[in-house]
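Values in this text are rule-based calculations from the coordinates and carry no lab data. None of the values given here were measured: they were computed from a predicted structure. Reconstructed Cβ throughout: ideal geometry from the backbone, glycine too, with neighbour counts over all protein chains shown.
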């Protein structure tokens, strides 16, 4: 299926013309007359990007930007407006927009902006897939291995971990070997990197009583 470019603009004639132009780039186009219309039929796939008007009846572009960040966060936003100001562009970019263009825009500039947004979209989707893969691997750790994992990535040596968990250093070494295999890691640095990507190496991460496998917290953290 072709990558979809979502056009959200209350000006019907501009929306149609823009859609036809974007189709000449080889993309599939979906058009919406308002932010509410887009939210009522959210795309099933987050592959693509959004071309968004700034000022519209009902939900404004910035208001919709906040909703999009919650509903389909991987879709990049390119603002395309005839009523832009420096303040509005700064606000939009600070809120996470990928670009801010003023109407009328040349076909070359528009296409380049779309291609940059799609590149960001691909990186975001790849990043999410990597995180999910790591979460799946961590979820295969036993409760005890999870405790060892959380202590090791915080810089504790085997002897310290053994003391904290009231077991032998030999047992901790065995757990570390199993953790390495399950995570597909070949070094301590790789284990620490995995923890950093999952946000598990902070001091607030408690390891004294790991959540049960059926608790919501356990499912979120991969215990």
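Here are the numbers:
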item	result
GNM result for the chain, Cα springs below 10 Å: residue of 189, 88, 69 fluctuating most strongly	189
Efficiency of FRET between residue 190 and residue 122 - r from beta-carbon atoms, R0 30 angstrom, step 0.05	0.75
P(r) tail fraction, the range 4-128 - alpha-carbon pairs more than 17 Å apart, %	52 percent
Residue with peak Gaussian network fluctuation, the chain [Cα springs, cutoff 10 Å], from 34, 89, 178	178
Choice from 108, 173, 182 with maximal GNM fluctuation in the chain (Cα, 10 Å cutoff)	108
Ascending count of other beta-carbon atoms within 10 Å, so fewest first, for 111, 157	157, 111
The chain: C-alpha gyration tensor shape, a/c 1.5 cut-off, then a/b vs b/c	prolate
Which of 54, 135 has the fewest Cβ neighbours within 10 Å, and the rest in rising order	135, 54
Beta bridges by DSSP in the chain, antiparallel share as percent, to the nearest 5	0 percent
Fewest-first ranking of 145, 115, using other Cβ atoms within 10 Å as the exposure measure	115, 145
